[in-house]
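Student: Dropping a structure here in structure tokens format, bear with me for questions.
The values are calculated or read from the model by the stated rules, or taken from the named source; none is laboratory data. Predicted model, so just to flag it, every value in this text is computed and none were measured. Reconstructed Cβ throughout: ideal geometry from the backbone, glycine too, with neighbour counts over all protein chains shown. Heavy atoms of the whole protein, side chains included, go into the accessibility calculation; ligands, DNA and RNA do not. Shrake-Rupley method; radii C 1.70, N 1.55, O 1.52, S 1.80 Å.
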Amino acid sequence: MKSIVIISFIVLLILDVFLRRKQKNEKNKIEDELVGALLKKDYKKFDQLIDSEDAQRRIAPFNRHYMKLNAAILRNKNIDIVLESFEKIKMNQAQKNELYSKAFGYYVEKENKEKSSYYKDKILNDTKSESLHEMANRMYSIYIDKSDMYLDILLKENESLTGAKRASNDALLAKIYENKKDNLNQEKYLNQFKEDMKGK
């Protein structure tokens, strides 16, 4: 009797492992198809897959909507609608950090003051990441307020940074100099940004 219980337990355990692996494989398969459709810019296929029962059943709501957001940004279409859909989704702190910084980055580069301000407030009030707070304050100041208040700070930081770690500063410096109509320094930091993105 005891051996039957042990054998039954082992069989159930094996079945559980098999089912989990099968579900993971099916999830990975549909995610790979979605990423493939985006890379090929096959948005019709992407839209069909992302809203399919399979995707809704296998991909967590945040991840599914985040993929929709990436597609909307690539298309430059329906971004506001997709972002509104996140309001119905319960998010953990990491997901809030990811979503708010992505939305903020998108709108700040478009120099949309109203929406940049909205997501800046979300970052400052709903996230606990000091680095995100600093990033939001810097980008808003430079892109929206057209201020050069961070110029000396960024130049000083760049003295001790190299490669990819310096790239985000390069981009901000280029934007400051663009705002100041200083084409020479704008070009200098754009070129440095390209080099730093290569990891040099």
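Student: At a 1.4 Å probe radius, carbon and sulfur cover how many percent of the accessible area of the stretch 28-162?
Tutor: Within the stretch 28-162, the accessible surface is 47 percent carbon and sulfur.
Student: Got a sec? What order do K102, K45, K120, K113 fall in by accessible area at 1.4 Å, biggest, i.e. largest, first?
Tutor: K113, K45, K102, K120
Student: Working with all protein chains in place, sort M91, M149 by solvent-accessible area computed with a 1.4 Å probe, largest first.
Tutor: In descending accessible area the options line up as M149, M91.
Student: Using the crude model of +1 on Lys and Arg Cβ and -1 on Asp and Glu Cβ, and no other charge, please compute the dipole size for the stretch 51-116 relative to its Cα centre, in debye to 20.
Tutor: Value, rounded to 20: 100 debye.
Student: Would you work out which of G105, Q56, I142 lies farthest towards the positive end of the dipole of the chain? Charges go on Cβ: Lys and Arg +1, Asp and Glu -1.
Tutor: Toward the positive end, the furthest listed residue is Q56.
Student: Let me check something: with ligands and nucleic acids excluded, how do I81, I142 order by accessible area (1.4 Å probe), largest to smallest?
Tutor: I81, I142
Student: Which whole-number percent gives the relative contact order of the chain, counting Cα pairs below 8 Å spaced six or more residues apart?
Tutor: 11 percent
Student: Need the list of aspartates and glutamates near K77 for cross-linking: C-alpha distance under 16 angstrom, and skip anything on the same chain fewer than eight residues off.
Tutor: Straight-distance partners of K77: D42, D47, E109.
Student: How much accessible area per residue does the chain have, counting only protein heavy atoms and a probe of 1.4 Å, in square angstrom?
Tutor: 65 Å²
Student: Further question: Ignoring solvent entirely, what values of log10 I(q)/I(0) come out of the Debye formula for the stretch 148-199 at 0.16, 0.20, 0.23, 0.29 Å⁻¹ when each Cα is a single scatterer?
Tutor: Log10 of I(q)/I(0), two decimals: -0.38, -0.59, -0.77, -1.11.
Student: If you place +1 on the Cβ of every Lys and Arg and -1 on the Cβ of every Asp and Glu, how big does the dipole about the Cα centre of the stretch 128-177 come out, in debye to the nearest 20?
Tutor: It works out to roughly 160 debye.
Student: Which of K113/K180; K96/K128; K29/K88; K110/K198; K40/K120; K96/K175 have a Cα-Cα distance over 22 Å?
Tutor: Checking Cα-Cα distances, K29/K88; K110/K198; K40/K120; K96/K175 exceed 22 Å.
Student: What helices in the chain pass both tests, a Cα length along the helix axis of 20 Å or more and a mean Kyte hydropathy of -1.0 or higher, using whole DSSP H runs?
Tutor: 2-39, 61-75, 93-109, 164-179
Student: So how much accessible area does V35 have, in Å² to the nearest 10, using a 1.4 Å probe?
Tutor: Probe radius 1.4 Å; accessible area of V35 about 70 Å².
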